Amino acid sequence: MSSDQMTAPVATRAPVQVQPVWRSVVRWETALVFLVIATIIFGAQENEHFLNTTTLFFVGLNMGEIAIMALPLTLIVVTGEIDLSVASMLGLSSTLLGYLYQHGWSIWLAMVAVLVVGAAGGALNGFLVTRLGLPSIAVTIGTLTLFRGVAEIILGTDSVGGYPQSLTNVGVIPIPGTQLAYSFGIFLVLAMVYGVVLHATPVGRSVFAIGLQSEAAYFSGIRVNRIKFLLFVLSGLVCAFAGILWTLRFATSRYDAGTGLELTVVTIVLLGGVSIFGGRGSILGVVLAVVIVGCLQEVLTLMTVDAQVQNIITGGLLLVSVILPNTAEGLRRFRARVRRRA
Amino acid sequence: MVHLRTGRGAGAAAGLTAVLLLAAACSSSSTSTPAASGGSGGTSASPTGVKKGLVVYFIPKDTQNPYEVIADKGGTDALTELGGKVVVSSGTADTAAAQIPSIQAAIQAHADAIVIAANDPAALCPSLAQAEAAGIKVVAFDSDNTCPNHLFINQANTEQIGTSEVDLLAKEINSTGQIAILSAAATATNQNAWIGYMKQQLAKYPNMKLVSTVYGNDDPATSLTVLQGLLSAYPNLAGIISPTTVGISTAAQYLDTHKDLLKHLHLTGLGLPSQMKAYVHSGTVKEFELWNPSDLGYLAGYAAADLASGTAKLDTGSTFDAGKLKTYTVLAPAGTTGPSVILGPPFVFNASNVDQFNF
């Protein structure tokens, strides 16, 4: 951030700063729309079985929990922080649900307990980041290991099954009258809520302001730490919820549920155009990224492309989504600096 | 033994087995397969009634495990003989979640059968149920699942594998000393079943004490780390059983470069001859066991094709043809295992025979 912007009053800075950012977001999302279309055309060309309603159901089923976890992470990344413990929280939640259910708790009560523990785990992240001022990447790598470790202690190598079939059907049957998986339907509803909150409320504007200039936001009256803390709590809660969906989809609780998924979640958030440095991003972009990653995985599997090659493609997407927007922004800053000197 | 489980007269079966062995010995292709005696009863009927153009999805635990690559190749051979096609599809991580897209792909491609080595005994059941609802026959191999309505191709009698590995080690260490197990994932169905029988068998050797079971997750780096931990925690360890090809080859490689340990430490388990050859000849490993993974995949391929054609059924005592491996009889469900067939007894490899095998 250049010095003249630092000293400028926030009120006059805002329109100057926000306008070009908005435009770049729109442009990134346009690119994503084209990428969605390209993926679908590619899929339809490469495999005769791609263009049918079963694909829609399977993509939704495979992406549901991941997509749900990407929503709170989007807000966290917009504030300039990160939460890498999402998949471990999913695993802990699945494990705890199994443990409580195995010990005679009613399934609904166990779900409530799991959600409470999820929020508490998120609060732990939030406390370490906002109260102790530790970097969120270090904190959440720590809790990534911690949550998974606790899960392993709770269930060990056991797996718990025997959940009511009316609930485990979410993994087999779409929402009646549609081809949408339940988890994906829930994601779409949540995405609308997050979209409204992030893009059309004071809270959303505060989240962007924190990501753009945390100190400026603080001095203009935004409760930076409280918002960050609550976002981590929200992330824990939502990931615990995703853990419940995951458990029901697999009809099984295991300590290693969702191992490694945090990378897919982060890929989706970044591919969605959310800046890893904070301050930029949109829910629409994340929704589009979910569709792209889901369709791409589906079509590559249908084409029986090697899983290793699929990993390379996903990794490549992640790199492109970090490099492209940042090169654009870097170029813009460079030009601005040249212009100022001249 | 196989014969007792089929419920046929042991004498008649033994006679038939002898005939089969003789036939196998006379045919040039399969003389050296250790599992050739696995079939029992029936006449050596030619492939009948199997449909042409069948598509069978082989879904291994992951796409890189060399053992499963060989098994999948065996399945491809079987379907090629039958005029069908094998598609191999799985993830790179040993998780149930990574296998689900492959099951879905089989459903979407209207495959005739799925042959799967489950990474989790139960978590794939909803997806496999979807596949069955779509008319796809399911065969399990390598690692069984607890889902209904599938045929399990048992690589060898679970009990025999567990007990024979303990017996092999006992012979090498004079039935005395601390021993440990270096396994795959802590959740692996087959390894855990074998370890259960190992513990039972150890009761017969009061001077052998199992001090630890460690898990290398079928990953060489992890296996090496837990092995080193094991060796520093128990410096007087007399023996290690590693019932996984990744574990035993990693351990053998380590011991090969730390030969001082071999003065008191013996290693055995389940290994691939191609990987273990060098260590057997250098004296690091005396004996190890396995079945023929190529035959396992071949049998699974035939079973899948027969089930999809209606020429095999899940009913106890029904028989089906498995090409060069002759005829197999479906065994009754027992415990958590549903209908199954057994490939054959485990085969012991040592310096005298290991060079004959190229898998």
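We did not get these values from a lab; they are worked out from the coordinates using the rules stated. Everything quoted here is computed from the prediction, not taken from an experiment. Don't worry about glycine lacking a Cβ; one is built from the backbone with ideal geometry, like all the others, and counts go over all protein chains shown.
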Read phi for every residue in segment A:284-301 and hand back ³J(HN,Hα) as whole Hz from Karplus 6.51 cos²θ - 1.76 cosθ + 1.60, θ = phi - 60°, with x for Gly and Pro. 4, x, 5, 4, 4, 4, 4, 5, 5, 4, x, 5, 4, 4, 5, 6, 5, 5
Order of B:D256, B:D120 - criterion: other Cβ atoms within 10 Å of each residue's Cβ, fewest first: B:D256, B:D120
Note down the net charge around A:V265, summing +1 for each Lys or Arg and -1 for each Asp or Glu among other residues with Cβ under 13 Å from its Cβ. -3
Place +1 on the Cβ of every Lys and Arg and -1 on the Cβ of every Asp and Glu in segment B:41-123, take the dipole about the Cα centre, and give the residue among B:V86, B:A96, B:P66 whose Cα lies farthest towards its positive end. B:V86
Going 7 Å from the Cα of B:T176 in the Cα-to-Cβ direction, what parts of segment B:203-221 have a backbone nitrogen less than 20 Å from that spot? B:203-211
Taking the Cβ of B:P60 as the center, what net charge do the other residues with Cβ under 9 Å away carry, scoring Lys and Arg +1 and Asp and Glu -1? -3
Under 5 Å between amide hydrogens, which residues at least 5 positions from B:A140 or on another chain qualify, with H placed 1.01 Å from N in the peptide plane? B:I116, B:L151, B:F152, B:I153
Which translational diffusion coefficient, to the nearest whole µm²/s, is obtained for the protein assembly as shown from the Stokes-Einstein equation, given a Kirkwood hydrodynamic radius over C-alpha pairs, 37 °C and 0.692 mPa s? 119 µm²/s
Residue-normalised 222 nm signal for the protein assembly as shown, counting each DSSP H run of n ≥ 4 as -39,500 (n - 2.57), nearest 500 deg cm²/dmol, is -19000 deg cm²/dmol
If amide H atoms are modeled at 1.01 Å from N in the peptide plane, then the residues at a separation of 5 or more from B:F288, or on another chain, having amide H under 5 Å from its own are B:F349
Helix B:293-309 axis, angle to chain B major axis (alpha carbon atoms, nearest 10°): 20 degrees
Provide the per-residue ³J(HN,Hα) series for segment A:93-99, in order, calculated from phi with Karplus coefficients 6.51, -1.76, 1.60 and θ = phi - 60°, each as a whole number of Hz, with x at glycine and proline positions. 5, 4, 5, 5, 4, x, 4
Which one, A:W246, A:N125, A:S88, is farthest towards the positive end of the dipole of chain A when Lys and Arg carry +1 and Asp and Glu -1 on their Cβ? A:N125
In debye, nearest 20: dipole of segment B:158-290 around its Cα centre with unit charges on the Cβ of K, R (+) and D, E (-)? 280 debye
To the nearest 20 debye, what charge dipole does segment A:14-341 have about its Cα centre, counting +1 at the Cβ of each Lys and Arg and -1 at the Cβ of each Asp and Glu? 1680 debye
Considering only A:A240, A:A289, A:A328, give the residue with the highest GNM mean-square fluctuation for chain A, with springs between Cα atoms whenever their separation is below 10 Å. A:A328
Could you tell me the relative contact order of chain B? Use alpha-carbon pairs under 8 Å, at least six residues apart, and round to a whole percent. 23 percent
Positive-end extreme of charge dipole, the protein assembly as shown - chosen from A:V338, A:Q45, A:G281 (charges on Cβ): A:V338
Compute a Gaussian network model of chain B, connecting alpha carbons closer than 10 Å, and tell me which residue from B:S242, B:S340, B:S274 fluctuates the most. B:S274
Note down the magnitude of the dipole of the protein assembly as shown about its Cα centre, charges +1 on Lys and Arg C-beta and -1 on Asp and Glu C-beta and zero elsewhere, to the nearest 20 debye. 2100 debye
For segment A:41-53, take each phi angle, set θ = phi - 60°, evaluate the Karplus expression 6.51 cos²θ - 1.76 cosθ + 1.60, and give the result in whole Hz per residue in order, putting x for glycine and proline. 4, 4, x, 5, 6, 7, 9, 5, 8, 6, 7, 8, 5
With a sphere of radius 13 Å drawn around the Cβ of A:V238, what net charge do the other residues whose Cβ falls strictly inside it have (Lys, Arg +1; Asp, Glu -1)? -2
For B:K209, which sequence-distant residues (separation of 5 or more, or a different chain) have an amide H within less than 5 Å of its own amide H, given hydrogens modelled in the peptide plane? B:G177, B:Q178, B:I179
Could you work out the relative contact order of chain A? I mean the mean sequence separation of Cα pairs under 8 Å and 6+ apart, divided by the number of residues, in percent. 33 percent
